[in-house]
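See below for the structure under consideration.
The values are calculated or read from the model by the stated rules, or taken from the named source; none is laboratory data. Here the structure is a predicted model, which is why all the values come from computation and not from measurement. A quick note on method: Cβ atoms are made from the backbone with ideal geometry, for glycine too, and the neighbour counts reach across all protein chains shown.
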């Protein structure tokens, strides 16, 4: 269900959330899963732990209820918030598009510009 721009890319992890990602990575390793996020509720042993869209939706709704969050929250709110913060802190437009997996239509940027990972990482760290 992903577009070509949204798959097979390496994106930087902001230093402020790195510990959370490391924790999930270690959990995935212990489960021998290829995926960072897995579905562990009501799976006995090593059953099907794939985090499908339906399972994600179920968990998302439960978290909203438990934390008494605004019922209008949607799963893409995090992406909107990231892009808003990235723009606020002056992250390069192409870095934003690459990180969130949007296609880049500018021919010069898409075809002829080689971006180093450290450049992306530095752009991400602009967000405070």
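Look at (1) surrounded by 11 or more Cβ atoms within 10 Å (Cβ to Cβ); (2) touching a helix residue (DSSP H, G or I) at 6+ places or on another chain (Cβ under 8 Å) and you find that residue 21 fails only one, number (2).
Given the condition farther than 30 Å from residue 115 by Cα, in a helix (DSSP H, G or I), more than 15 Å from the chain's Cα centre (by Cα) and not assigned by TED's automatic domain parsing to the domain that holds residue 114, answer yes or no: does some residue in the stretch 20-27 qualify? Yes, that holds for at least one residue. Just checking, does the stretch 87-98 include any residue being over 23 Å from residue 127 (Cα atoms) and either in contact with a helix residue (DSSP H, G or I) (Cβ under 6 Å, 6 or more places away or on another chain) or exposed (fewer than 10 other Cβ atoms within 10 Å of the Cβ) (or both)? Looking through the stretch 87-98, none of the residues is over 23 Å from residue 127 (Cα atoms) and either in contact with a helix residue (DSSP H, G or I) (Cβ under 6 Å, 6 or more places away or on another chain) or exposed (fewer than 10 other Cβ atoms within 10 Å of the Cβ) (or both). Would you be able to say whether some residue in the stretch 102-115 is modelled with pLDDT of 90 or more, closer than 23 Å to residue 17 by Cβ and either assigned by TED's automatic domain parsing to the domain that holds residue 15 or assigned to a helix (DSSP H, G or I) (or both)? Within the stretch 102-115, not a single residue is modelled with pLDDT of 90 or more, closer than 23 Å to residue 17 by Cβ and either assigned by TED's automatic domain parsing to the domain that holds residue 15 or assigned to a helix (DSSP H, G or I) (or both). Residues considered: 36, 69, 40. Of these, the only one that is assigned to a loop (DSSP other than H, G, I, E, B) and within 14 Å of the chain's Cα centre (by Cα) is 36. Pairs linking a residue in the stretch 14-37 that is in contact (Cβ under 8 Å) with a residue 40 or more places away in the chain to a residue that is in a loop (DSSP other than H, G, I, E, B) and surrounded by 10 or more Cβ atoms within 10 Å (Cβ to Cβ), with Cβ atoms under 7 Å and 6 or more positions apart or on different chains, are 14/125; 14/127; 15/125.
Checking the stated criteria, residue 32 turns out to be farther than 24 Å from residue 120 by Cα, loosely packed, with under 13 Cβ neighbours inside 10 Å and not assigned by TED's automatic domain parsing to the domain that holds residue 100.
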